[in-house]
1. Using Cα atoms only, what is the angle between the long axis of helix 37-50 and the major principal axis of the chain, expressed in degrees (0 to 90) to the nearest 10?
2. Along the charge dipole of the chain, pointing to its positive end and built from +1/-1 on Cβ of Lys, Arg, Asp and Glu, which listed residue (Ala268, Leu253, Val81) has its Cα farthest out?
3. Counting only other residues whose beta carbon sits under 13 Å from that of Ser118, what net charge do I get with K and R as +1, D and E as -1?
4. In Å², what does the accessible area per residue of the stretch 11-64 work out to with a 1.4 Å probe?
5. With +1 on the Cβ of every Lys and Arg and -1 on the Cβ of every Asp and Glu, and nothing else charged, how large is the dipole of the stretch 38-129 about its Cα centre, in debye rounded to the nearest 20?
6. In what order, largest first, do Trp109, Trp300 sit by accessible area if the probe radius is 1.4 Å?
7. Over the stretch 85-223, give the accessible area per residue in Å² for a 1.4 Å probe, as an integer.
8. Eight or more residues apart or on different chains, and alpha-carbon atoms under 21 Å: count the Lys pairs in the chain matching that.
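The values are calculated or read from the model by the stated rules, or taken from the named source; none is laboratory data. Nothing here was measured: the structure is a model prediction, and the numbers come from that model. Don't worry about glycine lacking a Cβ; one is built from the backbone with ideal geometry, like all the others, and counts go over all protein chains shown. Note: areas computed on protein heavy atoms with side chains; ligands, DNA, RNA excluded. Shrake-Rupley method; radii C 1.70, N 1.55, O 1.52, S 1.80 Å.
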Amino acid sequence: MPLHIHTPLIESRPLSLSAGRPVWLKLEALQPCGSFKLRGVGHACEVHHAQGARHFVSSSGGNAGLAVAYAGRKLGVPVTVVVPETTTERAKELLRLEDATVVVHGSSWQEANERAQSLLGPGDAFIHPFDDPLLWAGHASMIDEVAAAGLKPDAVVLSVGGGGLLCGVVEGLQRNGWHDVPVLAVETDGAASLHAAMAAGHTVELPRIASVATSLGAKRVAEQALECTRQHPVHSHLVSDRDALEACERLLLDHRVLVEPACGAALALLQRPEVLAPYANVLVIVCGGATATVEQIRTWLEQTA
Ligand SMILES: *Cc1c(COP(=O)(O)O)cnc(C)c1O
């Protein structure tokens with residue numbers, strides 16, 4: 001039994017009507033720890049566990065860290081998550097709920113990550129949030145589920161942070177023979193590291209992240225994410241923070257599911273009829289995110305008004 005669940009695939013009536021074509025939602029927000037991350041992270045943790053790992057280490061205060069904490073608890077392997085001082089109380093509380101040891105270190109993710117690396121001893125496995133073939137293979141299972149349900153979409157819409165989800169979905173499309181199904185890869189304006197890499201022809205380090213979509217805040221995408229854009233039709237799209245936040249509000253109203261702005265970014269593309277025009281059926285990966293609260297989303301909406 002894998003650690004992730006088989007998620008529902010539903011046709012959204014409200015979003016289909018407004019987009020003028022069938023819109024299908026793969027509800028990864030319903031994974032037990034709140035995001036798709038459990039697919040890849042769960043797979044990586046199972047492989048390391050089978051190879052004898054006795055301790056998992058993560059440096060993500062977000063959904064990747066939560067997935068490691070969940071996987072460790074389920075496998076009976078202790079987990080340490082090193083997070084920077086900027087991590088919210090809510091995120092730390094969620095990690096502790098999963099029995100992870102939370103170490104707060106440094107003012108940035110870089111510093112927390114260095115500390116996490118320094119903790120690694122023999123028998124420890126470091127679980128990267130996006131740059132690992134084990135993660136991509138695990139994420140790819142969501143496309144196997146769509147294929148098994150008998151739906152072949154004409155385009156897949158997803159969000160991009162470090163590009164692990166993109167790599168996994170492209171792997172899933174290719175292993176199901178769907179080489180002709182394009183991916184619409186969405187980032188917010190202030191976290192557009194894939195967009196910058198595609199424009200430059202090589203991965204680029206963004207000077208800073210300026211977006212409420214913190215789960216998209218990788219300054220540089222994985223090399224494999226850029227490689228995917230060469231091996232598969234991938235189109236980059238940008239949305240504003242406000243678009244992403246409004247899409248979160250809308251999903252909550254339409255489907256009673258709360259997601260982070262990182263996921264709202266992908267949903268926001270549904271408001272662009274000119275972008276969707278070539279595609280009869282659209283599949284959106286509702287990647288989820290456990291760190292959002294309704295209050296926080298409303299506060300951000302007021303601030304971007
Ligand atoms: C991690 C994450 C992303 C981005 O995934 P990458 O693999 O880093 O591209 C998007 N949305 C949510 C909710 C996430 O947790």
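1. Helix 37-50 and the main axis of the chain meet at about 40 degrees.
2. The listed residue farthest towards the positive side: Leu253.
3. Every neighbour counted, the sum reads -2.
4. Using a 1.4 Å probe on heavy atoms only, each residue of the stretch 11-64 averages 34 Å².
5. For the stretch 38-129, the charge dipole is close to 240 debye.
6. Working: Trp109 105, Trp300 55 Å².
Heavy-atom accessible area, descending, gives Trp109, Trp300.
7. So the stretch 85-223 comes to 42 Å² accessible per residue, rounded to a whole number.
8. Within the chain, the lysine pair count is 6.
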